[in-house]
Amino acid sequence: MKKIIFIASLVLCSLYTFGQAETGDILIKNGTVITITEGIKENTDVLIRNGKISQIGEGLDAGNIKTIDAKGLYVMPGIIDAHSHIAIDAVNEATNPNTAEVWVGDALNPYDINIYRALAGGVTISHAMHGSANAIGGQCETIKHRWGVMDPDELRMEGAMRTIKFALGENPMRVHGERNSIVPATRMGVEQVFRHAFEDAKAYTQQWKDYKSGKTKVPPEYNLRHETIAGILSGEIMIHCHSYRADEILMLMNVLSDYGVDKITFQHVNEGFKVAPELAEFGAYASVFSDWWAYKFEVYYSTAYNAAILTKNGVVTSINSDSRELIRHLYHEAAKAQKYGDLSDNEALRLITINPAIQLGIDKRVGSIEVGKEGDIAIFKEHPLSVYAINQYTIVDGVVRFDTNSDPNDMRIDIDPEESIPAFYEEELHKCGHNHADGCLQDVHFYNLSYRK
Amino acid sequence: MKNCQSIYKVLLLLVLPLMLTSQQVEKSKSGIFLLKDGRVETVYEGLIDADVLIENGLIKEVAETIDHPGATIVDCKGLMIYPGMIDSGTKLGLAEIGAVSLTQDHNEIGEFTPHMQALTAVNPNSVNIPVTRVNGVTSVLAVPSGGRFPGTAALINLHGYTPEQMYAGFKGVVFNYPSTGKRGRWDRRSAEDIKKDEAKAKKKLKEFWDKAKLQAQLAAKGQTKYNPQLDALIPIVNKEAPLLIEVNQKSDILSAIAWVNENEVKAIFTGVAEGYRVADSLAKYNIPVITGPILSNPRRSSDHFDAAYSNAGKMQKAGVKVAIRTNETENVRNLPYNAGFAAAYGMGWREAFKAVTIIPAEIFGIDDKYGTIERGKVANVFVSDGDPFETKTQIKHLFIDGWKVPLESRHTLLYEEFLQRDPGVKE
C-alpha cells in the first residue's frame, strides 16, 4: 500500500513539474539596452539563464547557448498590459452587481491567436480581466504570453498578486439598473454596493474568528463571495476599478479609506486628470487609454493628455489596451504621451513596463532589465517609441516566443478541420458603427443588440 | 515678499479672462500669410527650401524667396510645411458620442437610401473637429453607414460655420456590397445560410439597380416622377459619378469587380481589407482603393499578424491606386499613424504620404485644388517640427481654406486647465 502511495505521489510530482512553464538560456549581444530603471546601456549584452536575467555587461561569453545579435537594435523589457481580455473564454458574469466569487482564471484559453499577436508587438504579460458589467466583477488573472502551451495553467504567472475587477458608472448602471431595475441605477447606488459588500465581508470574517476562537460552536456557512471581499480588506487582493468620471473616482477612494483599503488601480480613469492631486495623495495608481474618448457620454470630457497630467502629478500611470487590436502596438500608444504632454522617452516607456508591473504587484520580478529579474524581453528595430519601430523578437522566461525571421502566416494551434466558412468578421471593420466599443462589456447579452442597429 | 504677492495678483487678473473662456476654441484668422524660411514638402520629390504665400484662401505663390509687405509673417525657420492630410473615409461630423444613439447621424433607416445626404447632417461645431484638425488632418470624407445604399458621402474641410462653407467639392453614393463574411463571433449561420442570404441580397440589388437604369432612361426623356432613391443613382448609372463600394473579403472583392465590369460602373472600392489577396485583379481593372484602418486586426485567425499593416503597401506595389482612411470618428486624428504603420510595413514614407494627400484628391477628382502645396490650390497647409507620421512630432501652425486655425481643442484646453490644478498636489 505504501509503495502504491509512493508511486502515485511520484506520478503526481512529475505531472506537477510537467505543468511548470518552460524557461530558457539566451544571450542577447551588442544591443542598445533600455533598462527603464538603470538608464540606457549602449552596445551591451544581456544574458538570461534558466529564464532569469543573470548578467548585463559588455562582451559577455556564455559558451554554446542560443545567441541573438542585437547590433543596431533596441532591447527593452517585455511590454506589460495592465488591462486586457485576451486568452479568456468568458469576460462578464453579468448576473449580479457583486460576483466576487467568479474568476477569469477558470476560463483561460491558451489557443487564442491574440496571444501570439500581442507577442508580435512585444507584449509578454497581460492582465486578463473580468468585464465591467458588475460593480464588483470577478477576479482577474495575470498571464505570461507563453504561446504554444496547451495547458491553461501554464499561462498563469505563478505567484502574481491576486486582483479583482470593480466597475463604476454607466456599465453597472445600465446592466443592472436600466435592464433589471435593481441597484445600482445611479452612481449613488454603485457606492452602496461597495459599502454593503465590505460590511458583509467584515461580518463574515468576524463569524469565522468567533468560531475559531471557540466563541461560537457552529461554523458559519462558507461563502466564496464574502471570502474574496475579505481578501481585499486584508490586503491580499488588489482592486482594479473600471472608472471614468472624477466624482466616482473620489467616491471609491472615500469608501476604501473608510475600510482601510489602500491598494487600488483605477482603470481607464479618463477623468483622472481632474483629480490627479487626490489620486497622488491616496497613492492610487492609474491605467489609462492613450487617446480613446467620446465613445460614450462619460468619456466626452476627456483629454489625450491624461497620462501626462497624471504622471506629472506623481501618479504611477500605465497605458493599457483593453483591446485585442491595441495590445499589438502598446509601444506606439505610449509614444502618444510624448505627442500629448511631452513626456521623456523613459517616462513614456515606463507607462508600458515598470508602471503596469507595479500596478499588478509584480514589479520585483518584471518590468525592467535588471539582474535577477525574469527574462522577458522585446527587441525592436528602430526606437520602440518611433512609429516605424518593428518588433524582431519577443522572449518570455528566456524562451523566444516570437521571432520575425521565422514567422509563418498561420500560427493557429487549434485548427478546426471542419471550418468551411472563413472566420471573417465584418464586426472588426464596423464595430458597432463605432471603433471603440467598450471591450469591458463583452458577454453581456444585450450588448450586441443595443450597440448594433 | 509683498511685492511678489502683488505681482501675482496682477498676473492673476491678466490670466483670469483667459481662464473663463477656456472651454471655447479661439477664433480663426483670415488674411494674407507668408510662411517664411521653412522647408516645403512637394509630395513627389521631397522637401525644398521655399516660402509660401497664402491669400484669399488660396496658395498664391511658392518660391525660394517671397516678399509681401502686407502679409503676416509666419516664421517657419527649422520647420516643415506639408499639405493638409485627407482622410478618405470617416464618420466625423456625423457622430458625436458613440453610445448615445441620438447623436449618431450616419445611419438612416432603410436598405436603399442613396439620397440621404451626409453633408446635411454634418455638425460644423462637433467637438471632434478641432481635436482632429490640430493633428494636421484638414479634410475628411464624411460617410453614411447602414443599409445596402446608405446615402451620399461628402468631402468636407475641417473649418467653417456651415456645411456649405466646409464642403470641399466631392460627393459620392455609398454602396455596401453584399458580404459573405460572418457578421461577428455571434454569427452562427451555416455556410448554406450565408449563401442563401447572399443570393437574396444580390437579387434585391439587381432589382434596385434595374429600376435605377430604367429611371435613368426615363429621366433622359424627361418622364420621371418623384423618386429620390432612384434619382440619386442616375449619375452613377450614366457613369457621370463614381460609386463608393465598400467590400472587404477576397471572394466579395472578386464578385464586386465582376459586378462593376458587368454594369460598367465607375467604381472606387473602400475597405478592401483583403485587397492584398487580389491586388493583381484590382490593378488590372484600374479600380482605385480607399483602405483602412491600417491599425486593425487581421480578418482571419489564420492571417499573418501584420496583414492589415501591410495591405496598403502590397496593393500599391501591385499597381493599385491606394488612399488610406481611418474609418474613425473621434480619433480621425490618428490618420498620420495609420499611414506611418503602412509606411513601416512595406509602403514606404512617400507612397504612404501620397495616400493621405494627393491620391485621395485624385480619386475624388479634386487634385487641381487639393493634395499638394502648389500655386492656385486651396490653402490647406500645416507646419510641423518633423515628420508628421512620427508620433512625437508637434504641429506648429495650421491653415484650412486659407484661415489660420488656432491649435486648440477640448483636449489641449483641458490640459492647460488641469496640468497644474490649484489646489494641487500637497507638498
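Can you go through A:ASP363, A:ASP342 and tell me which one is out of contact with any strand residue (DSSP E or B) (no Cβ under 8 Å at 6 or more places or on another chain) and within 12 Å of chain B (Cβ to nearest Cβ)? The match here is A:ASP342. Tell me, which residue of the stretch B:224-249 that is at pLDDT 95 or above and open to solvent by 50 Å² or more (accessible area, probe 1.4 Å) is nearest to B:LYS171 (Cα to Cα)? If we take residues in the stretch B:224-249 being at pLDDT 95 or above and open to solvent by 50 Å² or more (accessible area, probe 1.4 Å), then B:GLU240 is nearest to B:LYS171 (Cα to Cα).
A count restricted to the stretch A:221-254 and to residues that are more than 19 Å from A:THR163 (Cα to Cα) and of a type in the set (Val, Ile, Thr) stands at 0.
Might you check whether a residue that is touching a Leu at 6+ places or on another chain (Cβ under 8 Å), within 25 Å of B:GLU417 (Cβ to Cβ) and modelled with pLDDT under 95 occurs anywhere in the stretch B:25-35? Yes, that holds for at least one residue.
In the stretch A:269-305, which residue that is open to solvent by less than 20 Å² (accessible area, probe 1.4 Å) and hydroxyl-bearing (Ser, Thr, Tyr) is farthest from B:PRO130 (Cα to Cα)? Among those residues, the one meeting the criterion is A:SER287. Starting from the stretch A:202-227, keep only residues that are farther than 23 Å from A:GLN139 by Cβ, then list their pairs with residues that are modelled with pLDDT of 95 or more and part of a helix (DSSP H, G or I) whose Cβ atoms are within a distance under 6 Å, requiring at least 6 positions of separation or different chains. That search, which allows pairs on different chains as well, returns A:THR216/A:ASP210; A:PRO219/A:TYR211.
Of the residues making up the stretch A:120-154, those that are in contact with a Gly (Cβ under 9 Å, 6 or more places away or on another chain), part of a helix (DSSP H, G or I) and under 18 Å from A:GLY375 (Cα atoms) number 1. Residues A:LYS217, A:LYS144: which one is closer than 30 Å to A:GLU325 by Cα and either modelled with pLDDT of 95 or more or open to solvent by 50 Å² or more (accessible area, probe 1.4 Å) (or both)? Among A:LYS217, A:LYS144, only A:LYS144 is closer than 30 Å to A:GLU325 by Cα and either modelled with pLDDT of 95 or more or open to solvent by 50 Å² or more (accessible area, probe 1.4 Å) (or both). Got at least one residue in the stretch A:347-357 being open to solvent by 40 Å² or more (accessible area, probe 1.4 Å) and more than 19 Å from A:LEU119 (Cα to Cα)? Yes, the stretch A:347-357 contains at least one residue that is open to solvent by 40 Å² or more (accessible area, probe 1.4 Å) and more than 19 Å from A:LEU119 (Cα to Cα).
Only residues that are open to solvent by less than 10 Å² (accessible area, probe 1.4 Å) and closer than 19 Å to A:GLY231 by Cβ were counted in the stretch A:97-134, giving 9. In the stretch A:328-346, the residues that are within 20 Å of A:ILE377 (Cβ to Cβ) and touching a residue at least 60 places away in the same chain (Cβ under 8 Å) reach residues that are basic (Lys, Arg) and assigned to a helix (DSSP H, G or I) with C-beta atoms within less than 9 angstrom, at least six apart or across chains, in these pairs: A:ARG328/A:ARG117. So how many residues does the stretch A:279-312 have that are facing another protein chain (nearest Cβ under 9 Å) and within 14 Å of A:LEU250 (Cβ to Cβ)? The qualifying residues number 2. As for the stretch B:218-228, it holds at least one residue that is part of a loop (DSSP other than H, G, I, E, B) and under 22 Å from B:PRO144 (Cβ atoms). Residues of the stretch B:140-160 that are open to solvent by 10 Å² or more (accessible area, probe 1.4 Å) and aliphatic (A, V, I, L, M): B:VAL143 alone.
Is one or more of the residues making up the stretch B:166-187 part of a helix (DSSP H, G or I), in contact (Cβ under 8 Å) with a residue 40 or more places away in the chain, under 26 Å from B:PRO288 (Cα atoms) and away from every other protein chain (no Cβ under 14 Å)? Yes, the stretch B:166-187 contains at least one residue that is part of a helix (DSSP H, G or I), in contact (Cβ under 8 Å) with a residue 40 or more places away in the chain, under 26 Å from B:PRO288 (Cα atoms) and away from every other protein chain (no Cβ under 14 Å). Residues considered: B:ILE66, B:ILE97, B:ILE59. Of these, the only one that is surrounded by 21 or more Cβ atoms within 10 Å (Cβ to Cβ) and away from every other protein chain (no Cβ under 14 Å) is B:ILE59. Of the residues making up the stretch B:86-133, those that are in a loop (DSSP other than H, G, I, E, B) and within 14 Å of the chain's Cα centre (by Cα) are B:LYS91, B:GLY93, B:LEU94, B:VAL122.
Contact map, the stretch A:21-42: residues that are of a type in the set (Asp, Glu) paired with residues that are open to solvent by 10 Å² or more (accessible area, probe 1.4 Å) and not in a loop (DSSP other than H, G, I, E, B), Cβ distance under 8 Å, separation 6+ or inter-chain. Pairs shown: A:GLU22/A:VAL399; A:ASP25/A:ARG49; A:GLU42/A:THR32. Can you find even one residue in the stretch A:176-190 that is among the basic types (Lys, Arg), crowded, with 16+ Cβ neighbours inside 10 Å and without any contact (Cβ under 8 Å) to a residue 40 or more places away in the chain? For the stretch A:176-190, residues among the basic types (Lys, Arg), crowded, with 16+ Cβ neighbours inside 10 Å and without any contact (Cβ under 8 Å) to a residue 40 or more places away in the chain: absent.
Every listed requirement among (1) in contact with a Pro (Cβ under 7 Å, 6 or more places away or on another chain); (2) touching a residue at least 40 places away in the same chain (Cβ under 8 Å); (3) within 14 Å of another protein chain (Cβ to nearest Cβ) is met by B:PHE305 save one, (2). Restricting the stretch B:314-325 to residues that are surrounded by 24 or more Cβ atoms within 10 Å (Cβ to Cβ) and not hydrophobic (A, V, I, L, M, F, W, C) leaves a set whose member that is nearest to B:GLY84 (Cα to Cα) is B:ARG325. Beta carbons closer than 6 Å, at least 6 apart along the sequence or on distinct chains, pair a first residue in the stretch B:239-260 that is touching a residue at least 60 places away in the same chain (Cβ under 8 Å) with a second that is among the charged types (D, E, K, R) for B:PRO242/B:LYS266; B:GLN249/B:GLU274.
Of note, B:ALA279 does not satisfy the criterion of being surrounded by fewer than 21 Cβ atoms within 10 Å (Cβ to Cβ), more than 18 Å from the chain's Cα centre (by Cα) and assigned by TED's automatic domain parsing to the domain that holds B:VAL332. For the stretch B:367-394, the candidate set comprises residues that are open to solvent by 10 Å² or more (accessible area, probe 1.4 Å) and of a type in the set (A, V, I, L, M); within that set, the residue that is nearest to the other protein chains (Cβ to nearest Cβ) is B:ILE373. Every condition in (1) open to solvent by 10 Å² or more (accessible area, probe 1.4 Å); (2) outside any helix (DSSP H, G or I); (3) more than 14 Å from chain B (Cβ to nearest Cβ) holds for A:LYS165 except the one numbered (1).
Check the stretch A:362-372 and report whether any residue there is in contact (Cβ under 8 Å) with a residue 12 or more places away in the chain and not in a loop (DSSP other than H, G, I, E, B). Taking every residue of the stretch A:362-372 in turn, none turns out to be in contact (Cβ under 8 Å) with a residue 12 or more places away in the chain and not in a loop (DSSP other than H, G, I, E, B).
Note on the stretch A:374-391: residues that are more than 13 Å from chain B (Cβ to nearest Cβ) and either in contact with a Phe, Trp or Tyr (Cβ under 8 Å, 6 or more places away or on another chain) or of a type in the set (A, V, I, L, M) (or both) total 3. Being within 14 Å of another protein chain (Cβ to nearest Cβ), open to solvent by 10 Å² or more (accessible area, probe 1.4 Å), hydrophobic (A, V, I, L, M, F, W, C) and over 30 Å from B:ASP37 (Cα atoms) is a description that applies to B:LEU102.
The values are calculated or read from the model by the stated rules, or taken from the named source; none is laboratory data. Not measured: the values here are computed from a predicted model. Methodologically, a virtual Cβ is constructed for each residue, glycine included, from the backbone with ideal geometry; neighbour enumeration extends over all protein chains shown. Surface areas here come from the heavy atoms of the whole protein model, side chains and all, with no ligands, DNA or RNA. Shrake-Rupley method; radii C 1.70, N 1.55, O 1.52, S 1.80 Å.
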